[in-house]
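Coordinate-derived values only; no laboratory data. What you see is a predicted model, and the numbers here were worked out from it, not measured in a lab. When we count neighbours, we look across all protein chains shown, and the Cβ atoms used for this are built from the backbone with ideal geometry, even at glycine.
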């Protein structure tokens, strides 16, 4: 059995990674984004070259992971467009750093109103486990836009609009084909009522040491022996 985490526990994991283990946020974000890109590659049959991908990014750490994935997909030959929920000057810290990289690579960056009409794959990195109430503004616009498309949607960590603690869905909430959660599954993703929004659930390795979980009183068996991505439930 794979343990699950509350939002409070995930906040403590992030704190302990940075303060106790000196594994910095940018390292975790790189792992998350690369694994998210790898799930996208698998979703597209093993190759992304020439395929169109929309990456929807908020201005928090979840969005930073999405932008990291966009970079890898671009490097692998995908036709990537990144849509932001905020203007570039509202990004801070590591997320601003990821956005600067995309600009230097000349990856197209647009706002929620400027997306082309069709894509072959959509990546949701709008809101992570810090969700507080219903998505608003450009975040809600991007969620509604994504849900109207016929392309599969992959969500990073949790579908935007879904409460990671209890699985409650706000209006609007992404209806994902698959969700790639990080470190350990969030409790709300395992609620049967959230299944239509989560889709297939995968877990990604972001290099959390087992000793960290042990200090929190959580017993975690070796999970990523054969792959950095494992499927938790269909």
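Some notes on this structure:
- Computed [θ] at 222 nm, helices only, for the chain once each DSSP H run of length n ≥ 4 contributes -39500 (n - 2.57): -10500 deg cm²/dmol
- Estimated FRET transfer efficiency (residue 22, residue 144; beta-carbon r; R0 30 Å; 0.05): 0.15
- This ranking places 44, 67, 17 by how few other beta-carbon atoms lie within 10 Å of each, fewest first, which gives 44, 17, 67.
- Counting beta carbons within 10 Å around each of 19, 200 and listing the fewest first gives the order 19, 200.
- As a rough guide to protection, the peptides 86-95, 136-145, 211-220 ranked by mean Cβ packing within 10 Å, highest first, stand as 136-145, 86-95, 211-220.
- Nearest 10 degrees, 0 to 90: helix 61-75 Cα axis against the chain principal axis: 60
- Stokes-Einstein translational diffusion, region 140-210 - Kirkwood Rh over all Cα pairs, 1.002 mPa s, 20 °C, in µm²/s: 176
- Using alpha-carbon coordinates, inclination of helix 93-104 to the longest axis of the chain, degrees: 40
- Computed from Cα positions, the angle between helix 7-19 and the longest principal axis of the chain comes to roughly 90 degrees.
- Rg followed by Dmax, in Å, when the chain is reduced to its Cα trace: 16.3, 48
- The simple spin-label model puts a point 7 Å past each Cα toward its Cβ; for residue 225 and residue 6 those points are separated by 3.2 nm.
- Taking the DSSP bridge list for the chain and keeping only pairs wholly inside it, about 15 percent are antiparallel.
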